[in-house]
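S.K.: First, the structure itself, so that you have it in front of you.
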Amino acid sequence: QSKLNNKNLRLITENIIFSNSGEAIILKNNTSKGILLRGYNSNEFSSLGIVKNKKFKGNKSKLNKNFISIGNELSLSLDLQIGDEITLMSPSGVQTIIGSIPKQKTFLVTSIFNSGLADFDNNIALVNLNTLDEFFGYEIKDRNLEIYLKNPNNIESQKQVVQKIFDGELVYT
């Protein structure tokens, strides 16, 4: 936490957000599709670039416990609208007497984003960070830090600044 207040870090960053991600399967109308789930805190959701952009539809202000924000391409390929429910299946199962059963959870589509990258919009969905941690059995220490730079042009030199501050961590651009 104290590293986040580092003055060198604050000089180069526009925003710093905690996140995490994991692979899940969407089940909808006898169709299943693998996706990457990204988790964000509800109060930081509205500061994401894809949420602030003009093509975003739906609830910008909250990403509550059972809300999901999906990409435009995914909404088209699975015929999903805002207000629809989808079931997600997590590969991290629940242990039972007969073995491991995949965890399932129902989410309400509350928004549709459009990043302009069809591949991204078809394969990534956003959910609440605490919900994601619980769904995949993650702990708070497993979370990532997303660092958004004021000026991403000279990214390699800025990466070195970040690497010095977080010396034992993997930093990638």
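The values are calculated or read from the model by the stated rules, or taken from the named source; none is laboratory data. Given the structure is predicted, the values throughout are model-derived calculations rather than measurements. Every residue, glycine among them, receives a Cβ derived from its backbone with ideal geometry; neighbour counts consider all protein chains shown. Surface accessibility is based on the protein's heavy atoms, side chains included, excluding ligands, DNA and RNA. Shrake-Rupley method; radii C 1.70, N 1.55, O 1.52, S 1.80 Å.
S.K.: Whether any residue in the stretch 52-70 is among the β-branched types (V, I, T) and exposed (fewer than 13 other Cβ atoms within 10 Å of the Cβ) is what I want to check.
M.R.: no
S.K.: Looking at the stretch 108-138, which of the residues that are in a strand (DSSP E or B) and touching a Leu at 6+ places or on another chain (Cβ under 7 Å) is nearest to N41 (Cα to Cα)?
M.R.: Only one residue fits best here, namely N128.
S.K.: Determine whether the stretch 152-165 contains at least one residue that is under 28 Å from G71 (Cα atoms), basic (K, R) and open to solvent by 20 Å² or more (accessible area, probe 1.4 Å).
M.R.: no
S.K.: Considering only residues that are of a type in the set (F, W, Y) and touching a residue at least 40 places away in the same chain (Cβ under 8 Å), look in the stretch 118-173 and name the one that is farthest from L78 (Cα to Cα).
M.R.: F166
S.K.: Do the conditions hold for N43, that is, is it in a helix (DSSP H, G or I), surrounded by fewer than 14 Cβ atoms within 10 Å (Cβ to Cβ) and touching a helix residue (DSSP H, G or I) at 6+ places or on another chain (Cβ under 6 Å)?
M.R.: For N43, the condition - in a helix (DSSP H, G or I), surrounded by fewer than 14 Cβ atoms within 10 Å (Cβ to Cβ) and touching a helix residue (DSSP H, G or I) at 6+ places or on another chain (Cβ under 6 Å) - is not met.
Here is a yes/no grid of residues against (1) of a type in the set (K, R); (2) touching a residue at least 12 places away in the same chain (Cβ under 8 Å); (3) in a loop (DSSP other than H, G, I, E, B):
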position: N15; (1), (2), (3): no, yes, no
position: E23; (1), (2), (3): no, yes, no
position: I35; (1), (2), (3): no, yes, no
position: S47; (1), (2), (3): no, yes, yes
position: N64; (1), (2), (3): no, yes, yes
position: S90; (1), (2), (3): no, yes, no
position: S100; (1), (2), (3): no, no, no
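S.K.: Now a separate question. Any idea which of (1) in contact (Cβ under 8 Å) with a residue 24 or more places away in the chain; (2) outside any strand (DSSP E or B) is the one L76 doesn't satisfy?
M.R.: The failed condition is (1).
S.K.: Let me ask you something else. From (1) buried (at least 17 other Cβ atoms within 10 Å of the Cβ); (2) in a strand (DSSP E or B); (3) in contact (Cβ under 8 Å) with a residue 40 or more places away in the chain, pick out the condition that doesn't hold for K105.
M.R.: Checking K105 against (1) buried (at least 17 other Cβ atoms within 10 Å of the Cβ); (2) in a strand (DSSP E or B); (3) in contact (Cβ under 8 Å) with a residue 40 or more places away in the chain, the one that fails is (3).
S.K.: Sticking with this structure for a sec: Any idea which residue in the stretch 13-27 is modelled with the lowest pLDDT, counting only those that are more than 16 Å from L129 (Cα to Cα) and open to solvent by less than 40 Å² (accessible area, probe 1.4 Å)?
M.R.: Selected residue: T13.
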